[in-house]
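Chemist: Let me give you the structure first, and then I'll get to my questions.
The values are calculated or read from the model by the stated rules, or taken from the named source; none is laboratory data. If you're wondering where the values come from, they're calculated on a predicted model, not measured in any experiment. Neighbour counts run over all protein chains shown; Cβ positions are idealised from the backbone, glycine included. For accessibility, only protein heavy atoms count, side chains too; no ligands or nucleic acids. Shrake-Rupley method; radii C 1.70, N 1.55, O 1.52, S 1.80 Å.
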Amino acid sequence: MSPIKLVIIAGLLYLGYRLFISDWKKKKNKRKEDAEPKSVQDDQVEDVLVEDPVCHKLVPKQQAIRLKQRGTEGYNYFCSEECCNKFVSQTGEQE
Ligand SMILES: [Zn+2]
């Protein structure tokens, strides 16, 4: 094998090595981005059904009318303001 051929082969190997390394680094960075945690669950946590204490209908929590329970940290949920008002007049929760 002539020395010139050796140099060419060495150069090609070097180039291939450089390409391989940069490509591998790109892939590694991309994988890092993919692994980033995503906050997808936040909206779904609130998507639960709550029972209206007046008409006993199940309503999605996000759409329900919310009324704070007196003396507690809890809430009552209603399908409509009508039910909420009914509940208030029945129990005297609000003055
Ligand atoms: Zn109701």
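Chemist: Please enumerate the residues belonging to segment 49-70 that are more than 9 Å from the ligand (Cβ to nearest atom), in a strand (DSSP E or B) and over 21 Å from residue 92 (Cα atoms).
Modeler: 49, 50, 58, 60, listed by residue number.
Chemist: Which pairs have Cβ atoms under 7 Å, sit 6 or more apart or on different chains, and link a residue in segment 71-89 that is in a loop (DSSP other than H, G, I, E, B) to one that is open to solvent by 90 Å² or more (accessible area, probe 1.4 Å)?
Modeler: 79/57
Chemist: I'm trying to understand the selection: among the residues of segment 19-48, which are open to solvent by less than 90 Å² (accessible area, probe 1.4 Å), within 30 Å of residue 90 (Cβ to Cβ) and at pLDDT 75 or above?
Modeler: Scanning segment 19-48 gives a single hit, 48.
Chemist: Quickly run through segment 59-84 and pick out the residues that are more than 13 Å from residue 49 (Cβ to Cβ) and surrounded by fewer than 18 Cβ atoms within 10 Å (Cβ to Cβ).
Modeler: Passing the criteria: 66, 68, 69, 70, 71, 72, 73, 74, 75, 80, 81, 82.
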